[in-house]
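The values are calculated or read from the model by the stated rules, or taken from the named source; none is laboratory data. Given the structure is predicted, the values throughout are model-derived calculations rather than measurements. Every residue, glycine among them, receives a Cβ derived from its backbone with ideal geometry; neighbour counts consider all protein chains shown.
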Amino acid sequence: MRVLAIDSSGLTATVGIVEDTQTIAEYTVNYKKTHSQTLLPMIDEMTRMVDLDLSTLDAIAVAGGPGSFTGLRIGSATAKGLGLALNKPLLHVPTVDALAYNVYGCTDVICPIMDARRKQVYTGLYTFVKGKNSGKGLEEPEFQVMEKQMALPVEELIQKLNSYGRPVVFLGDGVPVYEEMIEEAWKFRILFAPAYMNRQRAAVVGSLESAITVKVNSRQLQSINQIIYGYHRQNGNVQKKKKMQSRKSVL
């Protein structure tokens, strides 16, 4: 399955193309430019670099939040526009789920935190557990959601995590903001993810979407396509009505 993945939910803008078990291309920018300036040029340059015909995509995956309202709106609008133009299904991936998936295989508590201002964060709690045998003598880790995405004060999050009594791995743009507060109040071992895995990555969004899609049957994917087709049809009918009304008004 070939997927175009988009994540503009935070300060980082990232796009990627994931196909089955490999990343074909990925373009990530963490700089003080608005996503409206960077996102489409990034997609254009990335697809030209790998000679990709967008019509060969199977789906478009987009990080759907939580995060920056403006960033989410730009990412969703971009994905929706491409999906409608190409008649491809759109697949939603929660932002903090994808952040946690960066730390693949980690059996500690994984806690992505995104700064929500006023000493609050967007977060969720995750881990990996032993999964089914792959048939090659290896057990593939299974991604487990311990607590779904939420917004809460940092102090409350620290209390919640301390109650687990387990090591915790932190990542996300909230780490530089609240790192000192976390270190001062912590009772157990904590780790802060290194630079190459502590921000949003489109390749992870695409990979997590693929992992989810394996569990989704073809009828569900077909229904998504039907929704897009229905939107095209409805939108076309609305445009026809407007043209007819405008003609009548002229007459």
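A few points about this structure:
- Boolean, residue 64 is at pLDDT below 95, in contact with a Pro (Cβ under 7 Å, 6 or more places away or on another chain) and among the small types (Gly, Ala, Ser): yes
Let's see how each residue does on (1) closer than 29 Å to residue 14 by Cβ; (2) at pLDDT 95 or above:
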| position | (1), (2) |
| --- | --- |
| 162 | no, no |
| 169 | yes, yes |
| 187 | no, no |
| 207 | yes, no |
| 210 | yes, no |
| 214 | yes, no |
| 235 | no, no |
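- If you go through the stretch 146-196 and pick out every residue that is in contact (Cβ under 8 Å) with a residue 60 or more places away in the chain, assigned to a helix (DSSP H, G or I) and within 28 Å of residue 92 (Cα to Cα), you end up with 2.
- Selection from the stretch 154-178 of residues that are of a type in the set (Asp, Glu) and under 19 Å from the mean Cα position of the chain (by Cα): 173
- Pairing residues of the stretch 84-102 that are free of Cβ contacts under 8 Å to residues at least 60 places away in the same chain and surrounded by fewer than 19 Cβ atoms within 10 Å (Cβ to Cβ) with residues that are polar (S, T, N, Q) and in a helix (DSSP H, G or I), at Cβ distances under 7 Å and at least 6 apart in sequence or on separate chains, gives 86/55.
- Yes/no for residue 73 being loosely packed, with under 12 Cβ neighbours inside 10 Å, over 17 Å from residue 91 (Cβ atoms), without any contact (Cβ under 8 Å) to a residue 12 or more places away in the chain and of a type outside the set (A, V, I, L, M): no
- Residues that are touching a residue at least 40 places away in the same chain (Cβ under 8 Å) and touching a helix residue (DSSP H, G or I) at 6+ places or on another chain (Cβ under 8 Å) within the stretch 35-59 comprise 35, 54, 57, 59, listed in sequence order.
- Of all the criteria given as (1) farther than 30 Å from residue 148 by Cα; (2) at pLDDT below 95; (3) in contact with a helix residue (DSSP H, G or I) (Cβ under 7 Å, 6 or more places away or on another chain), the one not satisfied by residue 87 is (2).
- Test for residue 108: is it surrounded by 14 or more Cβ atoms within 10 Å (Cβ to Cβ), closer than 25 Å to residue 75 by Cα and not basic (Lys, Arg): no
- Some residue of the stretch 130-138 being among the hydroxyl-bearing types (Ser, Thr, Tyr), surrounded by fewer than 20 Cβ atoms within 10 Å (Cβ to Cβ), within 28 Å of residue 15 (Cα to Cα) and touching a strand residue (DSSP E or B) at 6+ places or on another chain (Cβ under 9 Å): no
- Counted residues, the stretch 1-34 - those being part of a loop (DSSP other than H, G, I, E, B), surrounded by fewer than 18 Cβ atoms within 10 Å (Cβ to Cβ) and in contact (Cβ under 8 Å) with a residue 60 or more places away in the chain: 3
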